[in-house]
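Written out below as structure tokens is the structure these notes cover.
The values are calculated or read from the model by the stated rules, or taken from the named source; none is laboratory data. Remember, it's a predicted structure, so these values are computed and weren't measured experimentally. As a convention, Cβ positions derive from the backbone with ideal geometry for all residues, glycine included, and neighbour counts pool all protein chains shown. Surface areas here come from the heavy atoms of the whole protein model, side chains and all, with no ligands, DNA or RNA. Shrake-Rupley method; radii C 1.70, N 1.55, O 1.52, S 1.80 Å.
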Amino acid sequence: GWLRHSETKHGRVAMAAFLGCVVNGLGLEFPGAIDVNGDSFASLGTTKLPLETWDSIPASGRIQIITAIGGMEWVFEAQQPHYLRGGTPGAIRLTPGTAPWHASGYDPMGKYDAETRQKKRNMELANGRLAMLGMAGFVAAEKIPGSVPILAKLGFAGDYAGTMPGNPLPSTMDLSMVF
């Protein structure tokens, strides 16, 4: 129930985060503006390390991201049947009456048999576990000098002094622009 759902969800988030770190490290960015002032995604910097990138996002942007994630959590936790009351852990119903969507098991045409879907779910769990370890390595390399030697050679000096991972919002945040 809960442990499998939590592992699936956190694995999906870690896979997305790891991909974001790799894309950022390669210097790729979205085109266009990130806010109404016209600031570009490039203005955040593309060569920054993962936690430094988060620190460069304006406070109002951080609040929007956290609010969007909270909204998605609320929608998914309100689904019936709940995964603790007979529902499938990791299943996400986007609209009532539709087939469950799984990141690794979405099968609208019915082309996968039960054994193949189970194999794909197991692959998703394994990839999620690896991504969680990868993100833990990125954080350790940024916070603790020399903790991940191979990443130290890629620019992770272990001297990060920002607010993450403990506090996602800066302590000096001016909320007047948010509310």
Legend entry - Carbon/sulfur fraction of accessible area - the range 6-63, other protein chains in place, 1.4 Å, %: 67
Legend entry - By average C-beta atoms within 10 angstrom, highest first, the peptides 79-91, 29-41: 79-91, 29-41
Inset, instruction - Order the following by accessible area, largest value first: LYS9, LYS143. Probe radius 1.4 Å; ligands, DNA and RNA are ignored. - result: LYS143, LYS9
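Can you work out the accessible area per residue across the range 8-86, with the rest of the protein chains kept in place, probe 1.4 Å, in square angstrom?
Values: 4980 Å² over 79 residues.
Using a 1.4 Å probe on heavy atoms only, each residue of the range 8-86 averages 63 Å².
Give the peptides 114-120, 151-157, 67-73 in descending order of average Cβ contacts within 10 Å, highest first.
On the way: 114-120: 12.1, 151-157: 14.1, 67-73: 10.4.
Packing order, densest peptide first, comes out as 151-157, 114-120, 67-73.
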Inset, instruction - Determine which lysines satisfy two conditions relative to LYS111: a Cα distance under 20 Å, and not lying fewer than 8 residues away in the same chain. - result: LYS119, LYS120
